[in-house]
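Report on one structure; see the data block that follows.
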Amino acid sequence: MSDKPRKFKGGVHPNDSKALSATKPIQEAPLLESYKVIMHQNIGGPPELVVKKGDTVKKGDLLAKASGFVSVPLHAPTSGTIKAIDKCAGPTGIHVPAIEITADGEDEWGEAFAPIADWKNTDPATLKQRVWDAGIVGMGGAGFPCHVKLSPPEGKTIDTLILNGAECEPYLTADHRIMLEQAEEVVLGAAILARILGLKTAIIGIENNKPDAIAKLNEVAGKYNVRVQGLPVNYPQGAEKQLIYAITGREVSPGKLPMDVHCVVQNVASAAAVAGAVIKGRPSIERITTVTGKPVVQPGNWKFRIGTPISKALELVGGVSEQPAKLLLGGPMMGIAQNSLDVTVMKNTSGILLISADEVSFYTSEPCIRCGRCVECCPMSILPATISQAVENKRFDWAEELNVMNCIECGSCSYVCPSHRPLNQHFKRAKIEIQAQLRKKK
């Protein structure tokens, strides 16, 4: 495998806007009076409740158990009493099941997991079970259960583990700070993940606009036989298939997964969580999150417990200096717009972004002018303009034939479109319609 990174097809170069928070060290949020923990925080099946109203819990205690293989357990962010099992505002705009915990102020740990200090001589299956029991998911945004990626089906061999430290989404700097401040945990987590997969090494891919993180990880990488690979700055460098190609030169074909080219990709924050679960016996109950944007008084990076409301997060950064025009969870390219400050932090909440009125463009979508810019920038080599027209005509069968399901929803096409067509929104709708038709056929 060549040490020289490759450039994937397409991509764009939006203003990264990371200077607002890139130099701000991680701060730990103080204990709140209560937390509303959204139950379903992973791709796959929701966990099953094991507590009820009135129960007392300790920090790290099990709130809900995994409901199947593609599911993860949920743990208490602090000690206290289960006040209610109800619903709260969710990140997609609908109310979702949640567990409200009234903190007792003690923040006392329960009987979590026994630390596994000698991980190098521990059976890989035991380490993988710990990752599952700790409820670790992909913290880069998708929330895919970590243990599932560590379980290749029979016949699929894995020879490469890649940690995603690209953090190519504009504004977000949480993973950057994790790599700077928790370099040992990131690299140790990579080594543990490699042992689970039966590998001797791992590769951490980082865009070259983070030279301090590259240098910091290199200080400890050799101790764990991990390689740090700088990558060209090109959005969406952090997308799995693009990252795999940049580092290995292997192309993941349409409809295929990283495992089909013998690779597994995990996020650097997830790797740090794995180290905490194995070495310290800590379940996944927090996420480092960037709170940023022009309206934010003191942008920064915070360690929030799951269940922390956005409203409380904004109080900690001093509030806002002007009325924001838009609130997003995530970044401007792939983030989800919010209509409530009651939505709470989840395991994969990488950013809380506020955008001012003078940064938001209001426009009317125009007909496609056949310029081809969307085709040139698409990292998945699909035809955004044609698929968009298929969706407008409700020809979802045609959109499927044009490989809309391969779209990674990076937003590059929408970013460059001179006609301001809602391309990314069209593709999201097409996927929902196609999946609904598939469910009807079952």
Margin query: I'm checking my understanding of the structure. Among residues of the stretch 104-113 that are over 27 Å from the mean Cα position of the chain (by Cα) and on the phi < 0 side of the Ramachandran plot, which one is surrounded by the fewest Cβ atoms within 10 Å (Cβ to Cβ)?
Written below: E111
Note to self: I'd like the full set of residues that are among the hydroxyl-bearing types (S, T, Y) and outside any strand (DSSP E or B), limited to the stretch 315-350.
What the structure shows: S321, S340, T349, S350
Check: Quick one: how many residues across the stretch 92-146 are closer than 21 Å to Q338 by Cα, hydrophobic (A, V, I, L, M, F, W, C) and either in the same structural domain as L197 (by TED's automatic domain parsing) or touching a Gly at 6+ places or on another chain (Cβ under 9 Å) (or both)?
Finding: 5
Note to self: Looking at the stretch 369-383 only, could you name the residues that are among the hydrophobic types (A, V, I, L, M, F, W, C), more than 12 Å from C410 (Cβ to Cβ) and either modelled with pLDDT under 95 or in contact with a helix residue (DSSP H, G or I) (Cβ under 7 Å, 6 or more places away or on another chain) (or both)?
What the structure shows: V375, L383
Next item on the list: Mind listing whichever residues of the stretch 288-314 are surrounded by fewer than 22 Cβ atoms within 10 Å (Cβ to Cβ) and touching a helix residue (DSSP H, G or I) at 6+ places or on another chain (Cβ under 7 Å)?
Entry: K294
Checklist line | Identity of the residue in the stretch 124-153, out of contact with any Lys or Arg (no Cβ under 8 Å at 6 or more places or on another chain) and closer than 19 Å to V252 by Cα, that ends up surrounded by the fewest Cβ atoms within 10 Å (Cβ to Cβ) | finding: P153
Next item on the list: Exactly one condition in (1) basic (K, R); (2) under 30 Å from L231 (Cα atoms); (3) without any contact (Cβ under 8 Å) to a residue 12 or more places away in the chain is not met by K87; state its number.
Entry: (2)
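For (1) free of Cβ contacts under 8 Å to residues at least 24 places away in the same chain; (2) surrounded by fewer than 18 Cβ atoms within 10 Å (Cβ to Cβ); (3) of a type in the set (A, V, I, L, M), each residue gets a yes or a no:
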residue	(1), (2), (3)
A215	yes, yes, yes
N218	yes, yes, no
A221	no, no, yes
Q229	no, no, no
E240	no, no, no
V252	yes, no, yes
L257	yes, yes, yes
V268	no, no, yes
A275	no, no, yes
Margin query: As an exercise: evaluate L402 against (1) within 29 Å of A246 (Cβ to Cβ); (2) in contact (Cβ under 8 Å) with a residue 24 or more places away in the chain and give the number of the one condition it does not meet.
Written below: (2)
Notebook entry, point to check: Which numbered condition trips up F362, out of (1) surrounded by fewer than 17 Cβ atoms within 10 Å (Cβ to Cβ); (2) in contact (Cβ under 8 Å) with a residue 12 or more places away in the chain?
Noted result: (2)
Next item on the list: Restricting attention to the stretch 104-131, report how many residues are in contact with an Asp or Glu (Cβ under 6 Å, 6 or more places away or on another chain) and among the aliphatic types (A, V, I, L, M).
Entry: 0
Next item on the list: Determine if the stretch 163-182 includes at least one residue that is aliphatic (A, V, I, L, M) and within 16 Å of G307 (Cα to Cα).
Entry: no
Notebook entry, point to check: Looking only at residues in the stretch 163-172 that are of a type outside the set (G, A, S) and either touching an Asp or Glu at 6+ places or on another chain (Cβ under 7 Å) or surrounded by fewer than 24 Cβ atoms within 10 Å (Cβ to Cβ) (or both), which one is nearest to G331 (Cα to Cα)?
Noted result: P170
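The values are calculated or read from the model by the stated rules, or taken from the named source; none is laboratory data. If you're wondering where the values come from, they're calculated on a predicted model, not measured in any experiment. In this analysis, Cβ positions are derived from the backbone assuming ideal geometry, glycine residues included, and neighbour counts consider all displayed protein chains.
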